1. Given the conditions (1) small (Gly, Ala, Ser); (2) in contact (Cβ under 8 Å) with a residue 60 or more places away in the chain; (3) in the same structural domain as ALA9 (by TED's automatic domain parsing); (4) surrounded by fewer than 20 Cβ atoms within 10 Å (Cβ to Cβ), and given that SER88 satisfies all but one, which numbered condition is not satisfied?
2. Among residues belonging to the range 21-61 that are touching a residue at least 40 places away in the same chain (Cβ under 8 Å) and more than 18 Å from ARG192 (Cβ to Cβ), point out the one that is surrounded by the fewest Cβ atoms within 10 Å (Cβ to Cβ).
3. Go through the range 114-135 and give me each residue that's at pLDDT 90 or above and closer than 20 Å to VAL51 by Cβ.
4. Tell me yes or no: at least one residue of the range 189-203 is crowded, with 19+ Cβ neighbours inside 10 Å, of a type in the set (D, E, K, R), at pLDDT 95 or above and outside the structural domain of PHE52 (by TED's automatic domain parsing).
5. Closer than 19 Å to GLU34 by Cβ, assigned to a helix (DSSP H, G or I) and of a type in the set (Ser, Thr, Tyr) - does that describe any residue in the range 187-196?
6. Hey, does the range 111-124 have a residue that's over 29 Å from ALA172 (Cβ atoms) and either surrounded by 14 or more Cβ atoms within 10 Å (Cβ to Cβ) or outside the structural domain of LYS17 (by TED's automatic domain parsing) (or both)?
7. Which condition number in (1) over 25 Å from GLU112 (Cβ atoms); (2) touching a Phe, Trp or Tyr at 6+ places or on another chain (Cβ under 9 Å); (3) basic (Lys, Arg) is the one that ARG142 fails?
Amino acid sequence: MSEAVAVLANMADGLIKTYGDSSYQEELTSARDEYCERRGRVFEDEEHWEVFTRGFLEWYVVERPLTDAGPCPALLATETENDEVKLSALRALASSQRSLVEIVGLGKGVVEVVDLIGGARFSVAEGRSLLGMNRGDIAEVRLIGFQEQVWFGRLFLDHPPGTQAAIVDRVARMRAKGMSRAEVIDHLALLRSRSRNYKHVSAVRIYENDGDLSGAS
């Protein structure tokens, strides 16, 4: 693990420990309900529970504003952090972006991705094993700009193989309706959840029919 990744991970862990404490239980429960409403509920005995939880906790501390305090925990923490490296990491987390990307290139220590909503291309520094990543895969990831490089956050939610065309079409339709980046990504996560729950139905058809099972088979 690179030093930059370690710093980002340690700061995220600290935020999760603080704001996941029992004193924030009401806030945490409210946030989880909000997250599930937007993306579909996942239960502890389901195979993608770990991925769901990892994405939720990251979103909770670096993106979602606290009910009473206003900003997200990462931004709030910048007000009391004096260490320059840690402060820079907190700012990077708070300004990070959830993206829906297609993996277009894999190299030694780098992953090339194209954002399917904004169209930008990013070279993401990635020193961990790339096992399971393939060119053409579409995934929801968090992109973090830190120390003059772009890094992946903990979130990596892969969409089913073969759904690329349906996803591109769905993104265009939702953006034409004025839906925000977050709304588009969350809606596609909801379709992914539905495809996992209805394995007897073609994932492609679920995405094409926007989750309407009556027209999918």
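The values are calculated or read from the model by the stated rules, or taken from the named source; none is laboratory data. Bear in mind the structure is a predicted one, so any value in this text is a computation, not a measurement. Heads up, the Cβs are rebuilt from the backbone with ideal geometry, glycines too, and the neighbour counts pull from every protein chain shown.
1. Against the list (1) small (Gly, Ala, Ser); (2) in contact (Cβ under 8 Å) with a residue 60 or more places away in the chain; (3) in the same structural domain as ALA9 (by TED's automatic domain parsing); (4) surrounded by fewer than 20 Cβ atoms within 10 Å (Cβ to Cβ), SER88 comes up short only on (2).
2. GLU27
3. The first filter runs over the range 114-135 and keeps only residues at pLDDT 90 or above, leaving 114-125, 135.
Within the range 114-135, LEU116, VAL124 qualify.
4. We begin by selecting, within the range 189-203, every residue crowded, with 19+ Cβ neighbours inside 10 Å; these are 189, 191-195, 203.
Of the ones still in play, those that are also of a type in the set (D, E, K, R) are 192, 194.
Still in the running and at pLDDT 95 or above: none.
Among the residues of the range 189-203, not one is crowded, with 19+ Cβ neighbours inside 10 Å, of a type in the set (D, E, K, R), at pLDDT 95 or above and outside the structural domain of PHE52 (by TED's automatic domain parsing), which makes the answer no.
5. Initial filter on the range 187-196 (closer than 19 Å to GLU34 by Cβ): 187-194.
Filter again for assigned to a helix (DSSP H, G or I), leaving 187-194.
Those still in the list that are of a type in the set (Ser, Thr, Tyr) too: 193.
Checking the range 187-196: at least one residue is closer than 19 Å to GLU34 by Cβ, assigned to a helix (DSSP H, G or I) and of a type in the set (Ser, Thr, Tyr).
6. Within the range 111-124, the subset over 29 Å from ALA172 (Cβ atoms) is none.
No, every residue in the range 111-124 fails to be over 29 Å from ALA172 (Cβ atoms) and either surrounded by 14 or more Cβ atoms within 10 Å (Cβ to Cβ) or outside the structural domain of LYS17 (by TED's automatic domain parsing) (or both).
7. (1)
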